[in-house]
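Participant: Here it is, the structure in full.
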Amino acid sequence: MEEAEPKNGDIPNHSIDATRDSPVEAKESDVESMREAKESEIKSTLETKEVEIQSTLEAKEGETEPTSDVRKGEIEAEGVEKELSPSVEAEASNANGIRTLTMRELLDELKEEEKGAAGGKDERSWSADPTRDDGSDARRSSHAESSSFSQNDISMDLINKVTGVDEEGRSRQRILLYAAKKYVSAIQRNPEDHDALYNWALVLQESADNVGPDSVSSKDALLEEACKKYEEATRLCPMLYDAYYNWAIAISDRAKMRGRTKEAEELWKQATKKYEKAVQLNWNSPQALNNWGLALQELGAIVPVREKQTIIRTAISKFRAAIQLQFDFHRAIYNLGTVLYGLAEDTFRSGRPVGAKEVPPDELYSQSAIYIAAAHALKPNYSVYHSALRLVRSMLPLPYFKEGYLTAQPAHIPIAPHRDWQRSQFILNHEGLQQVSSAEKNLSQSPGRSQGSPQIDKSLVKVDVCDIVSVSACADLTLPQGAGLCIDTIHGPVYLVADTWDSLYGWLDAIRLVYTIFARGKSDVLAGIITG
């Protein structure tokens with residue numbers, strides 16, 4: 001799909017091996033050697049897992065793989081942003097101060113517990129019955145402990161049945177089960193411990209990811225239990241942003257399993273409300289905004305046509321807000337491209353006349369191509385972006401990234417009367433923004449229909465991308481009527497006016513994306529897209 005995620009190494013089973021041959025006579029040296037080997041094995045596991053955690057976090061960049069649901073044509077939307085559970089969290093506490101167990105802490109405790117269990121078992125076994133050491137006592141003890149938890153929380157029954165679909169999943173599930181027991185114990189001691197409830201919900205949610213594709217009902221049951229824990233945690237602590245965020249992800253996962261049904265529609269509506277609450281508690285979260293947009297996009301595919309337009313336009317606003325918080329958030333950039341592409345398809349297929357305040361399909365296709373091309377430039381190795389770009393590249397105003405009309409004052413005049421401002425064509429590429437000569441005003445704006453490249457007049461407005469300091473909307477009485485645009489450069493501000501606010505947002509995003517791509521050292525990739 002894109003960058004392959006590193007595989008986690010296997011965690012050796014530290015419990016006493018029930019399959020080994022029973023010695024006829026115990027030797028102290030044998031016991032000591034066995035303990036040293038066990039400690040060495042556990043130490044090796046800790047070091048391996050630390051490397052894996054770091055590489056996984058770097059590869060994920062805090063994100064999950066894109067989903068495989070096809071939107072329109074061949075374009076796929078990116079998946080939701082998921083938080084890591086306490087068992088794989090890189091930090092000991094999150095932004096809200098909720099205490100979680102890191103991987104090292106869990107492994108350290110697991111090591112001490114199993115080290116003590118192994119040592120005690122050896123001593124008892126060799127003294128009581130030197131002819132047998134099959135680990136049955138340890139297994140019975142573990143089973144009894146799990147049974148005790150199961151009687152108090154049905155969730156333990158569900159999580160005990162998860163084995164993981166592969167060795168990696170089984171290793172991960174083993175640690176999740178260990179964490180689950182600790183959180184259930186904490187809840188038994190204090191039923192109003194919202195931290196434990198939140199972390200317990202995370203463990204259930206992570207365990208659901210380990211369920212095989214043939215056990216959909218088990219996955220759904222785990223997610224349902226996780227939702228109940230999130231609900232209880234937020235009841236006890238209404239300001240728990242992370243709980244609402246992950247609760248929405250769990251609901252979304254349940255909705256995906258139900259296809260395009262009425263039940264799925266209700267679940268998607270619930271998910272959007274939880275994302276809305278998460279954003280209310282933490283407005284500075286591009287991940288929550290991106291996920292909110294995705295949930296709305298999914299909901300828009302189910303609701304009646306009369307409701308779809310409003311929902312899709314709301315989704316567009318969420319993706320755009322996420323990008324404004326993080327200009328290089330390639331997932332939100334790409335998702336905005338997919339939702340615009342879908343809107344263009346719907347508008348085109350409807351066959352109805354486009355209203356004066358509506359954007360025509362050709363313009364929507366061009367806007368879609370801009371965002372998809374930008375996402376590919378930021379992450380050129382992502383196969384999903386590459387495939388989508390092949391579909392929409394011809395919709396760009398090649399050999400440019402964006403073209404359109406803006407009103408500008410005469411170049412090199414600091415303040416000009418409104419009557420001297422002129423509406424003219426502008427083009428944007430990987431090098432910057434350039435005003436086009438008035439002799440070329442009649443050049444066709446339709447993508448791919450240009451009869452020749454616009455002639456650049458060096459006496460007109462020109463902004464090099466390397467000179468840009470900031471780009472923003474502005475409202476100034478010295479500007480002509482319209483939507484004001486200010487490009488602050490190292491040489492001073494450049495003021496332009498777009499025809500409408502919708503047009504302004506398109507220019508704002510496009511210029512910011514070109515600058516972000518430049519700042520990330522990917523201008524050559526963008527150049528290859530629009531000129532190659």
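Participant: Evaluate the stretch 494-505: report whether one residue or more is within 24 Å of Ile530 (Cα to Cα), surrounded by 16 or more Cβ atoms within 10 Å (Cβ to Cβ) and charged (D, E, K, R).
Facilitator: no
Participant: Something else: Might you let me know whether the stretch 508-520 holds any residue that is more than 32 Å from the chain's Cα centre (by Cα) and surrounded by fewer than 18 Cβ atoms within 10 Å (Cβ to Cβ)?
Facilitator: The answer is no, given that none of the residues of the stretch 508-520 is more than 32 Å from the chain's Cα centre (by Cα) and surrounded by fewer than 18 Cβ atoms within 10 Å (Cβ to Cβ).
Participant: What is the one condition in (1) modelled with pLDDT of 90 or more; (2) hydrophobic (A, V, I, L, M, F, W, C); (3) open to solvent by less than 30 Å² (accessible area, probe 1.4 Å) that Val211 does not satisfy?
Facilitator: In the conditions (1) modelled with pLDDT of 90 or more; (2) hydrophobic (A, V, I, L, M, F, W, C); (3) open to solvent by less than 30 Å² (accessible area, probe 1.4 Å), Val211 misses (1) alone.
Participant: Any idea how many residues of the stretch 394-419 are farther than 18 Å from Ala498 by Cβ, open to solvent by 50 Å² or more (accessible area, probe 1.4 Å), of a type outside the set (Ser, Thr, Tyr) and not in a loop (DSSP other than H, G, I, E, B)?
Facilitator: So the answer is 1.
Participant: What number goes with the only condition from (1) surrounded by 21 or more Cβ atoms within 10 Å (Cβ to Cβ); (2) free of Cβ contacts under 8 Å to residues at least 60 places away in the same chain that Lys229 does not pass?
Facilitator: The single condition Lys229 does not satisfy is (2).
Participant: Can you tell me how many residues within the stretch 372-393 are under 16 Å from Leu428 (Cα atoms) and open to solvent by 10 Å² or more (accessible area, probe 1.4 Å)?
Facilitator: Result for the stretch 372-393: 1.
Here is a yes/no grid of residues against (1) of a type outside the set (Asp, Glu); (2) not in a helix (DSSP H, G or I):
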{"position": "Glu307", "(1), (2)": "no, no"}
{"position": "Lys318", "(1), (2)": "yes, no"}
{"position": "Ile333", "(1), (2)": "yes, no"}
{"position": "Ala344", "(1), (2)": "yes, no"}
{"position": "Lys357", "(1), (2)": "yes, yes"}
{"position": "Glu363", "(1), (2)": "no, no"}
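Participant: Check off (1) surrounded by 22 or more Cβ atoms within 10 Å (Cβ to Cβ); (2) more than 29 Å from Ala271 (Cα to Cα); (3) in contact with an Asp or Glu (Cβ under 9 Å, 6 or more places away or on another chain) for Pro361 and give me the number that stays unchecked.
Facilitator: (1)
Participant: Now for a different question. Would you check if Gln435 is of a type outside the set (A, V, I, L, M, F, W, C), more than 21 Å from Ile372 (Cβ to Cβ) and surrounded by 17 or more Cβ atoms within 10 Å (Cβ to Cβ)?
Facilitator: yes
Participant: Then there is this: Considering each of Lys262, Lys318, Lys308, Lys274 in turn, give the residue that is closer than 20 Å to Ala510 by Cα and open to solvent by 10 Å² or more (accessible area, probe 1.4 Å). Reasoning before the result, please.
Facilitator: Details: Lys262 fails: closer than 20 Å to Ala510 by Cα; Lys308 fails: closer than 20 Å to Ala510 by Cα; Lys274 fails: closer than 20 Å to Ala510 by Cα.
Result of the check over Lys262, Lys318, Lys308, Lys274: Lys318.
Participant: Another question, if that's okay. Are there any pairs, at least 6 apart or on different chains, whose C-beta atoms fall under 8 Å, with the first in the stretch 238-267 and within 16 Å of Ile311 (Cβ to Cβ) and the second of a type in the set (Asp, Glu) and at pLDDT 95 or above, and if so, which?
Facilitator: Correct list of pairs: Ser252/Glu298; Ala255/Glu298.
The values are calculated or read from the model by the stated rules, or taken from the named source; none is laboratory data. This is a predicted model, so every value here is computed, not measured. Counting neighbours? That spans all protein chains shown, and the Cβs are built from the backbone with ideal geometry, glycine included. These accessible areas exclude ligands, DNA and RNA; they are computed on the full protein's heavy atoms, side chains included. Shrake-Rupley method; radii C 1.70, N 1.55, O 1.52, S 1.80 Å.
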